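Notes follow the structure.
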Amino acid sequence: MFKRVEFLKSVYNPKDLPPPKLPEIAFLGRSNVGKSSLINAFLNRKKVARVSSTPGFTKAINFFSVDNKFYLVDLPGYGFAKVPPKLKKLWASLVESYLTSIRDFRLLILIFDIRRNPDNLDTSLIEFVQSCKKPFCIVLNKIDLLKKKEVSKRKEEILKALNLKDVSVFLTSCKEKTGIEQLRCFIFSHIEK
Ligand SMILES: Nc1nc2c(ncn2[C@@H]2O[C@H](COP(=O)(O)OP(=O)(O)OP(=O)(O)O)[C@@H](O)[C@H]2O)c(=O)[nH]1
Ligand SMILES: [Mg+2]
């Protein structure tokens with residue numbers, strides 16, 4: 001499917017962001033929702049982005065170059081309680097600098113754990129992304145952990161809590177690989193533009 005997936009770099013400081021040479025697809029969300037897993041599922045590879053059951057695992061902004069055509073960007077998760085406030089600020093400023101810099105953003109993929117109710121941090125992320133006027137979609141991940149009939153109910157509840165109506169939503173499981181193909185097509189349509 002993809003011929004060449006290369007890890008480009010880990011960025012800890014906004015001044016180290018790579019030049020915006022290619023279109024970018026960025027994966028955002030709370031710690032542990034499955035950002036890194038979703039990148040691997042999208043690429044159909046096992047270990048491109050590192051996955052961990054420890055929340056707050058991805059600490060840098062990690063750039064992957066795919067077929068020299070686009071960048072996939074794995075962002076550190078927010079809302080991890082055990083992080084000292086100083087470090088939290090550093091992460092927020094790193095992610096914020098990235099999102100407000102001039103780059104060829106094609107799609108921001110905002111990922112949520114379908115079992116969790118959104119809180120203030122989640123709604124402020126949505127507001128921030130809307131204020132940046134960047135194209136985004138919602139992914140509700142880990143649907144394998146719910147009964148089928150609970151999934152659509154949770155979807156409605158989460159969208160309501162996030163105050164979102166006309167938005168593209170994908171229901172996924174990285175574990176069972178459900179919903180990945182639909183998300184992949186959607187991502188492609190934003191790269192080819
Ligand atoms: N059951 C289930 N587990 C999942 C799914 N997606 C990810 N996980 C698990 O959730 C945990 C966190 O996954 P990651 O991909 O590391 O999450 P992340 O959002 O990158 O986390 P941080 O880097 O800490 O922000 C791991 O134990 C994954 O195996 C899913 O669809 N279903
Ligand atoms: Mg991660």
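Coordinate-derived values only; no laboratory data. Worth saying up front: this structure is predicted, and the values here are computed from it rather than measured. Every residue, glycine as well, gets a Cβ built from its backbone with ideal geometry; the counts of neighbours run over all protein chains shown.
Over 28 Å apart at the Cα level, from the set LYS69/LYS177; LYS35/LYS133; LYS86/LYS147, are LYS86/LYS147.
Enclosing the Cα atoms of the chain in their convex hull gives a volume equal to 115 cubic angstrom per residue.
Packing around the peptides 3-11, 101-109, taken as the average count of other Cβ atoms within 10 Å per residue, puts them in this order, highest first: 101-109, 3-11. Considering only VAL167, THR54, GLN130, the residue lying farthest towards the positive end of the dipole of the stretch 5-191 is THR54, judged by Cα position with unit charges set on Cβ. With each pseudo-label sitting 7 Å past Cα toward Cβ, what's the ILE102-LYS134 distance in nm, one decimal? Calculated label separation equals 1.6 nm.
The H on the amide N of GLY29, modeled in the peptide plane, is under 5 Å from the matching H of TYR78, ILE111, each at least 5 residues off or on a different chain.
Enter the Cα centre distance for the pair the stretch 105-159 and the stretch 48-78, rounded to the nearest angstrom. Using only Cα atoms, the two centres lie 18 Å from each other. Selection among SER189, LEU108, LEU43 by position relative to the dipole of the chain gives LEU43 as farthest towards the positive end (Cβ unit charges, Cα centre).
What order do you get for 110-122, 63-75 when each peptide is scored by the mean count of other beta carbon atoms within 10 Å, highest first? Provide the component values of the computation, followed by the final result.
Values: 110-122: 17.3, 63-75: 19.5.
Ranked from most to least packed, the peptides come out as 63-75, 110-122.
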